[in-house]
Amino acid sequence: MSSVSATTKTTSVPKGRDMFASKLGVIVATLGSAVGLGNIWKFPYLTGVNGGAAFVILYILCTLVVGLPVMITEHSLGRTARADAIQTFKKLAPNSAWWLVSGAGVISAFLISSFYTEVMGWVFAYIAKAIKGSILSSSPEVTSSAFSSLISDPVQSLVYQWIVLAWIALIIGLGVSKGIERVVKALMPVLFGILLVVCIRSLTLPGAVEGLRFLFKPDFSKVTGATVLTAMGLSFFKLSVGMGTMITYGSYFHKDQDIPATAVRVMLSDVLVSLLCGIAIFPAVFAFGFEPGAGPELLFITIPTVFSVMPFGRVLMPFFFVLAFIAATGAMLSLYEVPVAYLVGSHGWSRKKATWVTLAALVVVGTLPALSGSLTAHIKVMGMNFFDLFDWLTSSILMPVGGLFLCVFAGWRWGSANIKAALTNDGALRNEKVVQAFTGLVKFVTPMLVLVILLAGLKII
Ligand code: PFF
């Protein structure tokens, strides 16, 4: 056993604090946070807009050298402190301003939740539309006007968002192991099953190979600083890191959970799901001659049209939107858990009260992006409506800045001895190489890269 006398001992679990019940539960819930609309909606549309394979490669590289180390950092800090995101910093660096890093994270969680629940609301509406057959059309004009009439109707936009919020609040109210862990564990296999069926259907279409070429044959000539920043932002968004979600989840890990191995499994599975979503979508888009660069509407305009014209597409379409809804549920649960854990842990509120207050706050903040296609459409900040602004601000600024500070904190303030203690489970695991590689990344490589990509992406350097 290595000596850990100079390190912060992992806090024992405070009495009454909920935990993930099993090791598999930890992986599934963490994967449930990572896998979401990021894979099904954001990854495909950003890949489509940014020219395909080159963007996919940049996203995977950023995931390896930025997203993964930040995830390991967050799990380590959370499990050591056994506290919500803000208390974690207050415990590990008392009487300092470091807690502001997760303070900003709680704000990010709110901003993301506010537009995420709106997209989930559209997905929910599309399940019903796909079953009824009202978005079945081979003409993009018809599916486009169906989408426009949904987002430009303030009542529908708000009601669907509220339905989603109520669904998430219900599960959160049940607790960590009985709510989050149980629901995500039940839904994950369904998600993989539906995804595989849609992939096989897409790949067996005549002309599918063009879509695979788009996804896997890179052309780096169009890559700019902004493209790299977008890819890095996606890697943060995908792994739910840079804002305290994974600190909160890490605080529910058992003391013998292998943190690096868990993070690597989650990261690999998440990348795999993104690629499968690409394989489900692009071959079909190309086979029917559609434009891959349709933007955020890809999922709601192009995809219904593609399903409408492909054999068995009409049967598969409702399942596809159910898949998106399931995936988004696990991710949204982890976003909602950040403020709830904070209100319970730092203010001693009951879980029920914290769930209700967070719900009320999300209903209020969510109004801004929800009405971006209607009542607040004319309000532009830096040329963006609230929906686009919240998305850009979180993925391109707040999460990378949060990730940068998390690395600097872990590498330079918390220090190598504490990192080693967390990654080896206080000396129980023999993984010296992993510890060494991680320490080098988190101290030097990851923060430097984040800084350079951030400054170049914002055209500051
Ligand atoms: N990772 C989720 C997705 O890809 O859909 C989004 C997300 C969830 C971001 C939780 C941040 C977060 F804290």
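Where a number appears in this text, it was derived from the coordinates with a stated rule and is not lab data. Nothing here was measured: the structure is a model prediction, and the numbers come from that model. Glycine gets a Cβ as well: all are built from the backbone with ideal geometry, and neighbour counts include every protein chain shown.
Post the alpha-carbon centroid distance, segment 20-65 to segment 201-230, in whole angstrom. One Cα centre to the other: 16 Å. Computed from phi, the 3J(HN,Hα) profile of segment 38-48 under the Karplus parametrisation 6.51, -1.76, 1.60 (θ = phi - 60°) reads x, 7, 8, 10, 6, 4, x, 6, 5, 5, x Hz, with x in place of Gly and Pro. Working value for segment 1-120: equivalent-ellipsoid semi-axes of 32, 18, 17 Å, each the square root of 5 times a Cα gyration tensor eigenvalue, largest first. Computed from Cα atoms, the angle from the helix 399-408 axis to the main principal axis of the chain rounds to 20 degrees. Between residue 152 and residue 272, residue separation times 0.36 nm minus the direct Cα-Cα distance comes to 39.7 nm. For segment 139-274, just say rounded, prolate or oblate: build the C-alpha gyration tensor, square-root its eigenvalues into a ≥ b ≥ c, call rounded for a/c under 1.5, and beyond that prolate if a/b exceeds b/c, oblate if not. Taking the square roots of the gyration eigenvalues as a ≥ b ≥ c, segment 139-274 is oblate.
With the cut-off at 1.5 for a/c, could you classify segment 348-461 from its C-alpha gyration tensor as rounded, prolate or oblate? Oblate is the answer for segment 348-461, as a/c is 1.5 or above yet b/c matches or exceeds a/b.
Averaging Cα coordinates gives a centre for segment 93-172 and one for segment 239-306; these two points are 17 Å apart. Extending 7 Å from Cα along the Cβ direction at residue 364 and again at residue 217 yields two label points whose distance is 5.4 nm. Here the extension length gained between residue 381 and residue 100 equals 98.7 nm, from 0.36 nm per residue of separation less the Cα-Cα distance. In the chain, helical runs assigned H by DSSP with n ≥ 4 each contribute -39500 (n - 2.57); averaged across all residues and rounded to the nearest 500, the mean residue ellipticity at 222 nm is -22000 deg cm²/dmol.
Looking at 441, 371, 406, which one has the Cα that reaches farthest to the positive end of the dipole of segment 369-442 (charges on Cβ: Lys, Arg +1; Asp, Glu -1)? Of the listed residues, the answer is 441.
The modelled label-to-label distance for the pair residue 93/residue 196, using points 7 Å beyond Cα in the direction of Cβ, is 4.5 nm.
Cross-link partners of residue 217 among lysines, defined as those whose alpha carbon lies under 29 angstrom from its own and excluding same-chain residues fewer than eight positions apart: 42, 238, 459. Neighbour counts of other Cβ atoms within 10 Å put 214, 282 in the fewest-to-most order 214, 282.
What the Cβ-Cβ distance of residue 347 and residue 255 gives, at R0 = 35 Å and to the nearest 0.05, is a FRET efficiency of 0.85. As a proxy for reagent exposure, ranking 160, 116 by other Cβ atoms within 10 Å from fewest up yields 160, 116.
Only sites in a loop by DSSP and with at most 16 other Cβ atoms within 10 Å count here; which chymotrypsin sites (Phe, Trp or Tyr not before Pro) in segment 309-342 make the cut? Listed in order of number, the matching sites are 312. Distance between the pseudo-spin-label points of residue 19 and residue 412 (7 Å out from Cα toward the beta carbon): 3.5 nm.
Overall form of segment 247-375: oblate. Here a/c, set by the Cα gyration tensor axes a ≥ b ≥ c, is 1.5 or more, and a/b is not larger than b/c. With axes computed from alpha carbons, what is the tilt in degrees of helix 53-62 against the longest principal axis of the chain, rounded to the nearest 10 within 0 to 90? The angle comes out near 20 degrees. Exposure proxy shown here: for 413, 201, the number of other Cβ atoms within 10 Å sets the order, fewest to most, as 413, 201. Dipole of segment 64-131 computed with +1 at Lys/Arg Cβ and -1 at Asp/Glu Cβ about the Cα centre; of 111, 68, 80, farthest Cα towards the positive end is 80. Kirkwood radius, the chain, all distinct C-alpha pairs, inverse of mean reciprocal distance: 22.2 Å.
Applying the criteria of a DSSP loop state and at most 12 other Cβ atoms within 10 Å to the trypsin sites (Lys or Arg not before Pro) of segment 420-451 yields 430. Relative to the longest principal axis of the Cα atoms of the chain, the long axis of helix 68-81 makes an angle of roughly 50 degrees.
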